[in-house]
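First comes the structure, then the notes that go with it.
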Amino acid sequence: MLFSSIVADSRPITSLPLGRSVLDSMFTSARTLPYLSMLLSNALAPRPPKGFVGGRFSKPGDQHAQIDLKSGGLQPITALARWLGVVAGDVRGSTTARLHRARDFALITPDEADSLISAYEGIYHLILERQIVALQSGS
C-alpha cells in the first residue's frame, strides 16, 4: 500500500517514460476490487479529531490532544483523493485536481467535492499562516 501511494503521488521530473511505465503497470495489475478495498481502508484509517475538550481538539482516547493540521486535516483528504485518482485511473495533478476529476467521473457528488476542496484549502491556508508567523517570529 505504501509503494502504491508513493507511485500514485510521484511526479517524475526525469525519465518520464520510466515513471509513466511504473504507473501504468500499477494500474493494469493492481486495480482489482481487493486492492482498491485495501487502499480505501488505508486511506480512511486516519481519524480526524472529533471536537473540543477544554479548548483543545480531542482525539479518541486522548482528552488533552492538540490537532495536527497536516495529519488530522490534510492527510485524510489527500488519501481519499489519491484513492479516487486510482479508481478513476488518473492520479495526475494536485489533491484538488483529483477531487475535481472524481466529481467529473461521478465518483463523488458535486457537494462532496466542494466540501472536501473547501476543507482542504482552508486547512492548507491555516498551516501556511502558522508557518509564516513561525518564520517571522524566528521559531
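A few remarks follow.
- A probe of 1.4 angstrom, applied to the heavy atoms of all protein chains, finds Glu112 with accessible area near 90 square angstrom.
- Summary of packing: across the peptides 73-84, 98-109, 32-43, the per-residue average of other C-beta atoms within 10 Å ranks them, highest first, as 73-84, 98-109, 32-43.
The values are calculated or read from the model by the stated rules, or taken from the named source; none is laboratory data. From a predicted model like this one, the values you see are computed outputs, not experimental measurements. A quick note on method: Cβ atoms are made from the backbone with ideal geometry, for glycine too, and the neighbour counts reach across all protein chains shown. The accessibility values were calculated without ligands, DNA or RNA, using every heavy atom of the protein model including side chains. Shrake-Rupley method; radii C 1.70, N 1.55, O 1.52, S 1.80 Å.
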